[in-house]
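Everything below concerns the one structure shown next.
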Amino acid sequence: AKELGTSDMPVRSAFTRLQALRALSPMPNGSVEVPLISAERFAQLTALRTVLEGTATELATKLINGNNLRAIRRHCAELTQAARSGDIENYLRKNHDFKFG
C-alpha cells in the first residue's frame, strides 16, 4: 500500500477479490501465493482470453471515432517510448492510464 501511495484497505480488498477468483491462494502464515496451474489449464485460459479480447476489440471498433483513434495512437506512442527507454515505472503508469484512464 505504501509503494502505491494508498491506504491498506484498497490493497486488502484487491487481495480478497483475487483470492475469491482463485488467482491467489492464502498461505498458513497469512501471506498469499500465485497458484500453480497445469499446461492444459494455461492453454484453456489463453484460448478463452483470446476469444474474449477479440470480441471486446470487435465491439470497441464500432464505437471508435477520430478523437478516440488519436488518443489510442498517442497512448501507443507513449507506451512504445517508455518500453524502448526501459522506463518500467512510466510504462506501467501509461499502460494503466490506457486501460483504465
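Bear in mind that the values in this text are calculations on the coordinates, not laboratory data. Here the structure is a predicted model, which is why all the values come from computation and not from measurement. Here the Cβ positions follow ideal geometry from the backbone for every residue, glycine too, while neighbour counts run over all protein chains shown.
Just a few scattered comments:
- Entry note, the chain: relative contact order of 10 percent, from Cα contacts under 8 Å with a spacing of 6+ residues.
- Over all Cα atoms in region 38-101, the spread is summed up by Rg and Dmax: 15.0, 43 Å.
- At q = 0.16, 0.18, 0.26, 0.28 Å⁻¹, base-10 log of I(q)/I(0) for region 1-74 (Debye sum, equal scatterers on each alpha carbon): -0.90, -0.93, -1.08, -1.17
- Low-density loop cleavage sites - trypsin sites (Lys or Arg not before Pro) in region 20-86, where at most 15 other Cβ are within 10 Å (DSSP): 22, 62
- Estimated from helices alone, the mean residue ellipticity of the chain at 222 nm is -23000 deg cm²/dmol (sum of -39500 (n - 2.57) over DSSP H runs with n ≥ 4, per residue).
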